[in-house]
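Just below is one structure, and these are the notes that go with it.
What follows is calculated from the coordinates using simple rules that are stated; it is not laboratory data. Computed from a predicted structure; not experimentally measured. No Cβ is skipped: glycine too gets one built from the backbone with ideal geometry, and neighbour counts run over all protein chains shown.
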Amino acid sequence: MGSFDAGNDAPTHTELAWELAEVFEELDVDQINEVLAKNVPFDTLEFFVSYAEGFANDPSIDDGLRKRLANLMLLGYLLRILEERLLPDAATES
């Protein structure tokens, strides 16, 4: 697994995204739930599930994506939180 040293230059958005994906790949379900509980408000979790269910009703969306859509949205949300915390310019890009 790659990593970056917070003492050196900040990682790029791409490096941060890959690092997050690699970390999540190694977590079990309980650890993922703990990360979500500590970083995502419950009403935000409910929003993503509700939004994904409504969006996924489109017949052009296959079952595989339909089942993963809320998780993909949450991963994007967590990536944005990390960017705001670790990348100096990410908080001002919104």
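Quick one: pull the percentage of alpha-carbon pairs in segment 29-88 with a separation above 17 Å. That tail contains 45 percent of the Cα-Cα pairs.
Distance between the pseudo-spin-label points of Leu45 and Asp9 (7 Å out from Cα toward the beta carbon): 3.8 nm. Can you give the net charge of the other residues whose Cβ lies under 14 Å from the Cβ of Leu69, counting K and R as +1 and D and E as -1? Net local charge, Leu69 excluded: -1.
To the nearest ten degrees, helix 42-55 and the longest principal axis of the Cα atoms of the chain are 50 degrees apart.
The charge dipole of the chain, taken about the Cα centre with unit charges on the Cβ atoms of Lys, Arg (+1) and Asp, Glu (-1), comes to about 280 debye, rounded to the nearest 20.
Kindly express, to the nearest 10 degrees and within the range 0 to 90, the angle between helix 13-26's C-alpha long axis and the longest C-alpha principal axis of the chain. The helix 13-26 is inclined about 70 degrees to the chain. Which distance in nm do the two modelled labels at Asp28 and Arg85 give, with both placed 7 Å along the Cα-to-Cβ direction? Rounded to a tenth, the inter-label distance reads 2.3 nm. Against the main long axis of the alpha-carbon atoms of the chain, helix 29-39 sits at an angle near 70°.
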